[in-house]
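Enquirer: There's a structure below that I have some questions on.
Only the coordinates and a few stated rules stand behind these numbers; no lab work does. What you see is a predicted model; the values in this text were computed from it and never measured. Positions of Cβ are backbone-derived with ideal geometry, glycine not excepted, and every protein chain shown enters the neighbour counts.
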Ligand code: FAD
C-alpha cells in the first residue's frame with residue numbers, strides 16, 4: 001500500500017506564494033502537523049526575483065540563505081528551521097504528479113498519497129522553451145533559462161568558466177532579458193540582446209522609457225539587435241553552442257545563451273477539474289477557485305481586479321505575496337464564520353539592474369506623460385511617466401526614486417487624482433505626486 005499522509009492544509013508549490021502563505025498561516029495561528037508545503041524544488045521558498053539580480057552577481061555572490069522568504073518584505077527570513085519550529089512539513093524535491101480535487105487526493109512522483117481538507121495551488125509559472133517557439137537545435141549545451149536556483153547556479157558556473165572570452169547572447173527583450181543582460185555585462189561578458197519588438201520591454205515600457213534603458217545599456221557596452229529572432233544554433237564538437245543564427249541571416253558568436261522568452265502558468269494538473277480564465281485558474285476576490293476548499297495563489301491565479309474591473313493574472317512577486325496572505329486570511333476567517341474584504345490589489349512591479357532601480361504602480365493605460373531627466377548619459381538620471389486615462393492619473397513609473405517618492409507614487413496610483421492637462425502634469429513632474 002502506498003504511504004498516505006493527511007493534512008488540514010496542503011500548499012502545492014514552495015515558491016514565493018507558498019512561502020508567504022506559510023508565513024500568514026503562522027501569523028494567523030497554526031497547530032503543528034496541520035500544514036504541508038510540497039515543492040518540486042530542493043530548497044525552501046526563496047525570493048525568486050533575486051535569481052536575476054544579486055544571486056548571479058559573482059562579486060556579491062550571495063548565498064541562498066540571504067534570499068529566503070520573507071527577505072523581500074523585510075520580515076524575518078524563513079530558514080529551514082523556521083518550518084520545523086512551526087510544525088510545518090516542508091516536503092522538498094517532491095513533485096505532485098496527480099491531483100484529484102473531487103476526492104481531495106494528491107499523488108507525488110515518489111508514489112506517496114497526500115490527503116487534504118483545504119488545498120492551496122501555488123505552482124507558479126514555467127519558462128517557455130526556445131523549441132516551443134520554433135527555434136531549431138535548442139537542446140545544445142550552454143543554453144540557459146532562469147527559473148530555479150539550479151538554473152542560476154549553472155549560469156554562474158558558466159559565467160566563471162567563460163569569463164576570459166565570454167560572449168553571451170540573450171534572447172528576449174523582456175524584464176528577464178534586460179536583468180540577465182546587465183548581470184552578464186557587469187560580470188565582464190560581451191553581451192548582445194536579440195528581440196523582435198521595436199523596443200525593450202515593449203508590452204510595458206513606452207518608447208521614451210525604453211530609449212533611456214536601451215541607451216544606458218549601450219553605454220555599458222551591451223549590443224541590442226531588434227526586429228529579428230533567433231532561429232537556431234551552431235555548435236563545436238562537444239555540442240556546445242558557438243553561434244546563434246538569426247532570422248535576418250546574421251550570426252552571433254556565443255558561448256553562453258540565455259533565453260527569456262516568456263512564461264506560462266503551471267495549471268496542467270488541474271485541467272478539466274477547475275474553471276480557468278485567461279490561461280490561469282479562475283478565482284474570486286479571496287482566491288477561492290470554482291472547486292470547494294481549493295484556492296489558487298500567485299502566478300497561477302486569475303482574479304477580479306477590483307480597481308479596474310475585469311479579471312487579471314499577474315506574474316509578479318508582490319501579487320504572489322499579497323494573494324497568499326489574502327487567501328490564508330480568507331480561509332481562517334471562513335473557519336470562524338467570518339468574512340474579510342475582497343482583494344483590492346494595486347499592481348506593483350519593480351526591477352533592478354546595474355545601478356538602476358525602477359518601480360511602477362497602477363495601470364499603464366491611456367496617454368503617457370514623461371517627466372524628469374531620462375538622458376542615459378546623466379550622472380544621476382531620474383525620471384518617470386504618468387499614465388492618464390479619462391482625465392485621471394492611473395499609473396506612475398519612477399526610475400531612481402527614494403522610498404518616500406515610491407510611497408507618493410503608489411498613493412497617486414491608488415487615489416487616481418484628476419489632472420488639469422497633460423502639459424501641467426509634465427511641468428510639475430514628480431512634485432505632482434510628492435505634494436499629493
Ligand atoms: P513560483 O515562485 O514560481 O513558485 C512555484 C513553485 O511551485 C515552485 O517551487 C515550483 O517548483 C513548484 N511546483 C510547480 N509545480 C509543482 C508540482 N506539480 N509539484 C510540486 N511543486 C510544484 N517579479 C517581480 O515582481 N519583480 C522582479 O524583478 C521579478 N524578477 C524575476 C526574475 C526571475 C528569474 C523569475 C523567474 C521571476 C521573476 N519575477 C519577478 C516573477 C516572480 O518571481 C513570480 O511572479 C513569483 O515567483 C510567483 O510566485 P509563485 O509562488 O506563484 O510561483
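Enquirer: Give the Kirkwood hydrodynamic radius (Å, one decimal) of region 31-77, defined as one over the mean of 1/r across all pairs of different Cα atoms.
Expert: 12.1 Å
Enquirer: For region 185-226 and region 39-108, what is the separation of their C-alpha centers, rounded to whole Å?
Expert: A separation of 31 Å, based on Cα centres.
Enquirer: With contacts defined as alpha carbon pairs under 8 Å and 6 or more residues apart, what's the relative contact order of region 127-204 in percent?
Expert: Relative CO of region 127-204 lands at 24 percent.
Enquirer: I've got another one for you. Under 10 Å, Cα contacts only: if you run a Gaussian network model on the chain, which one of 335, 359, 154 comes out with the highest mean-square fluctuation?
Expert: Sorting by GNM fluctuation, first place goes to 335.
Enquirer: Where does each of 97-104, 396-403, 256-263 land if you order them by average Cβ count within 10 Å, highest first?
Expert: Highest-to-lowest ranking by the protection proxy: 256-263, 396-403, 97-104.
Enquirer: Normalised by the number of residues in region 75-222, what is the relative contact order in percent for Cα pairs under 8 Å and 6+ residues apart?
Expert: 12 percent
Enquirer: Can you give the Kirkwood hydrodynamic radius of region 6-124 from its Cα pairs, in Å with one decimal?
Expert: Answer for region 6-124: a Kirkwood hydrodynamic radius of 14.7 Å.
Enquirer: Please give the length that would be gained between residue 139 and residue 95 if that part of the chain were fully extended, namely 0.36 nm times their separation in residues minus their C-alpha to C-alpha distance (nm, one decimal).
Expert: Between residue 139 and residue 95, full extension yields 13.5 nm more.
Enquirer: Now for a separate question. Which order results if 193, 159 are arranged by neighbouring Cβ count within 10 Å, fewest first?
Expert: 159, 193
Enquirer: May I ask you to derive the relative contact order of region 165-217, considering only C-alpha pairs under 8 Å and at least 6 residues apart, and to give it as an integer percent?
Expert: About 36 percent, as a whole number.
Enquirer: Okay, next question. Using a 10 angstrom cutoff on alpha carbons, build the Gaussian network for the chain and name the most mobile of 37, 113, 180.
Expert: Ranking 37, 113, 180 by mean-square fluctuation puts 113 first.
Enquirer: By count of other Cβ within 10 Å, fewest leading, how are 412, 92 ordered?
Expert: By the 10 Å Cβ count, ascending: 92, 412.
Enquirer: Could you give the length gained on full extension between residue 207 and residue 238, defined as 0.36 nm per residue of separation minus the Cα-Cα distance, in nm?
Expert: Extra length from residue 207 to residue 238 when fully extended: 7.0 nm.
Enquirer: If you don't mind, there's one more thing I want to ask. Rg over Rh of the chain, using C-alpha atoms and the Kirkwood radius, what does it come to?
Expert: Reported Rg/Rh (Cα atoms, Kirkwood Rh): 0.98.
Enquirer: Rg (Å, one decimal) plus Dmax (Å, integer) for the alpha carbons of region 133-273?
Expert: For region 133-273, the Cα-based Rg and Dmax read 15.4, 52 Å.
Enquirer: Quick one: Debye curve from the C-alpha atoms of region 231-361, no solvent, what's log10 I(q)/I(0) at q = 0.12, 0.13 Å⁻¹?
Expert: Log10 of I(q)/I(0), two decimals: -0.65, -0.71.
Enquirer: Follow-up. Å³ per residue of the Cα convex hull, for region 339-433?
Expert: Measuring per residue, one finds 110 Å³ for the Cα hull of region 339-433.
Enquirer: With every atom except the alpha carbons ignored, what do you get for Rg and Dmax of region 63-148, in angstroms?
Expert: For region 63-148, the Cα radius of gyration and maximum Cα-Cα distance read 17.7, 49 Å.
Enquirer: Can you tell me how much longer the chain between residue 423 and residue 277 gets when fully stretched, taken as 0.36 nm per residue apart minus their C-alpha distance, in nm with one decimal?
Expert: 48.6 nm is the gain from fully extending residue 423 to residue 277.
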